[in-house]
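Undergrad: The structure follows.
The values are calculated or read from the model by the stated rules, or taken from the named source; none is laboratory data. Not measured: the values here are computed from a predicted model. FYI the Cβ positions are ideal-geometry reconstructions off the backbone, even for glycines, and counts take in every protein chain you see.
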């Protein structure tokens, strides 16, 4: 190479330039190196601070890469997992904790990894018996998970929930108690009002009863005293006697009503079913009240649409008669003149009776309460009509026992109609007794030997006076024991009138003793008792009939004659057999 032609000056110039470039590059490299060192130091400091921060966090913290390997585990996470952090780094999470596979933790982590969306959830991990709140934060390398043990909070929440549930239950109980208390208060108020109304009605009833009892007593005692006056004409005597009889009848009706109420209230009313003629019931009640109706210029009309086939029914004849009697009594009482119609008709399997009048009618405000006890259309002291206010209540009670119902309506024009319906029970043909019609033997032609067992002197004197028409052959017993001995000594006695209540031995016991040696003598029981079924009991122990006190002369004579006819009919039957 020819070096002679080289330009020394140019070479030196280029070298110098290169030297400068080198120095500049070296200076830049040194600067970069220094900067990198500084940055590395800063990064290390940041990493240290971050590590310290993560270690000092209150929550457990782990980082998992896309291969599900732990890249970071702080101490709290290690404690929570029960492992050292360095034992977890680089290990697969599902291999370390296989119990979590398939559980909510496992499913949510996969979802966060796939969707790259942050997910926060709470769940209970059975193996550890703990509740955790998990915040799963996606990153480029995988996911970062913050664990917070919320077991205490959940237990507190459960306690709070349980407490709230208990409070809700208690609130419901308190609410129900309040409702119950309000209901009880309402019932107490209603009961108080009913009690006050009951007291008012009872006071009104007692005042009314005092009036109703004293009025006929005044008539009885007053006109009895007038009968003692000298020089009375026969006409005056008969008038006074009629007043006494009427007052006595009124008094007896009041007593009967009081007795009926007592028996109803004490549950001692029994039913006695037998074959009953509807036609006879209606005609009989009309005949009984005919005179009373004529005195007020009232026409009694019968409208019976029951055919002959349904005429005979099975019911309590006395109760039906009593119901009709109370209704007709009311109708006559509240009707000054005009018409009263008594009727009945068949309706499917029931018979409906009715009493229709042309009287004053019923106050529409009281039509629903007139069947309650002590109730009257007018219960004031200035009322225009007498009565105890018990008749409709007694009638309704009897109808209820018979399985029926009673109701009232006002007529369109005037007056009212009372209906009552009872079941139609057809009489059993096999139970019918065919009786031969025998004429009653006139008592004047009969000379009977009669034993009267009675301990009350006044009753004995009264009965003895009545029985004299059957002859003078009367035997007297003051108690049941005497009656039994007299029967043994006098086997030819025809009839015994046996009082129920007597000293030493009562009537029932005496009848039993007599029947041990005498089956044919006629025994008719008589009693003023009203709270038991004397008639049925008397028949059970061996009696033939029953009559209640006060004894009516005509009824006693008729009853004796019927018993004589029946006894002779049985005697003929025995003779034929």
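Undergrad: Picking from 297, 287, 304, 311, which residue would you name as being touching a helix residue (DSSP H, G or I) at 6+ places or on another chain (Cβ under 9 Å), under 22 Å from residue 332 (Cβ atoms) and free of Cβ contacts under 8 Å to residues at least 60 places away in the same chain?
TA: Only one candidate passes the filter, namely 304.
Undergrad: Can I ask one more? Here is a check on your reading of the model: is residue 84 in contact with a helix residue (DSSP H, G or I) (Cβ under 6 Å, 6 or more places away or on another chain) and modelled with pLDDT of 60 or more?
TA: The answer is yes for residue 84.
Undergrad: I would also like to ask the following. Scan the stretch 471-492 and give yes if some residue there is at pLDDT below 90, in contact with a helix residue (DSSP H, G or I) (Cβ under 9 Å, 6 or more places away or on another chain) and either in the same structural domain as residue 328 (by TED's automatic domain parsing) or not in a strand (DSSP E or B) (or both), otherwise no.
TA: No, the stretch 471-492 contains no residue that is at pLDDT below 90, in contact with a helix residue (DSSP H, G or I) (Cβ under 9 Å, 6 or more places away or on another chain) and either in the same structural domain as residue 328 (by TED's automatic domain parsing) or not in a strand (DSSP E or B) (or both).
Undergrad: Tell me, yes or no, whether the stretch 151-163 has at least one residue that is surrounded by 12 or more Cβ atoms within 10 Å (Cβ to Cβ) and under 20 Å from residue 119 (Cβ atoms).
TA: Yes, the conditions are met somewhere in the stretch 151-163.
Undergrad: Then there's this: Is it the case, given these coordinates, that residue 320 is surrounded by 14 or more Cβ atoms within 10 Å (Cβ to Cβ) and modelled with pLDDT under 90?
TA: Here the answer is no, as residue 320 does not meet what is asked.
Undergrad: So, one more: Just to be sure before I move on: is residue 70 more than 30 Å from residue 155 (Cα to Cα), at pLDDT 80 or above and in a strand (DSSP E or B) in the structure I sent?
TA: Taking the combined requirement at face value, the residue satisfies it.
Yes or no, residue by residue, for (1) under 30 Å from residue 303 (Cβ atoms); (2) surrounded by 14 or more Cβ atoms within 10 Å (Cβ to Cβ); (3) touching a residue at least 12 places away in the same chain (Cβ under 8 Å):
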position	(1), (2), (3)
242	no, no, no
248	no, yes, yes
254	no, yes, yes
260	yes, yes, yes
277	yes, yes, yes
281	yes, yes, yes
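Undergrad: Can we say residue 283 is at pLDDT 90 or above, outside any helix (DSSP H, G or I) and in contact with a strand residue (DSSP E or B) (Cβ under 8 Å, 6 or more places away or on another chain)?
TA: For residue 283, the condition - at pLDDT 90 or above, outside any helix (DSSP H, G or I) and in contact with a strand residue (DSSP E or B) (Cβ under 8 Å, 6 or more places away or on another chain) - is not met.
Undergrad: In the stretch 427-466, which residues are part of a helix (DSSP H, G or I) and at pLDDT below 50?
TA: Hits for the stretch 427-466 are 429, 430, 431, 443, 444, 445.
Undergrad: Considering only residues of the stretch 98-123 that are at pLDDT below 85 and closer than 15 Å to residue 81 by Cα, which is surrounded by the fewest Cβ atoms within 10 Å (Cβ to Cβ)?
TA: Looking at the filtered set, the residue picked out is 99.
Undergrad: May I pose another question? Any idea which of 141, 152, 133 is under 22 Å from residue 75 (Cα atoms) and without any contact (Cβ under 8 Å) to a residue 12 or more places away in the chain?
TA: The unique qualifying residue is 152.
Undergrad: Please work out which residue is modelled with the highest pLDDT, limiting yourself to the stretch 498-536 and to residues that are crowded, with 18+ Cβ neighbours inside 10 Å and within 40 Å of the chain's Cα centre (by Cα).
TA: Of everything passing the filter in the stretch 498-536, 527 is modelled with the highest pLDDT.
Undergrad: Additional query: Can you tell me which residue among 135, 172, 153 is touching a strand residue (DSSP E or B) at 6+ places or on another chain (Cβ under 8 Å), part of a helix (DSSP H, G or I) and at pLDDT 85 or above?
TA: On inspection, the qualifying residue turns out to be 153.
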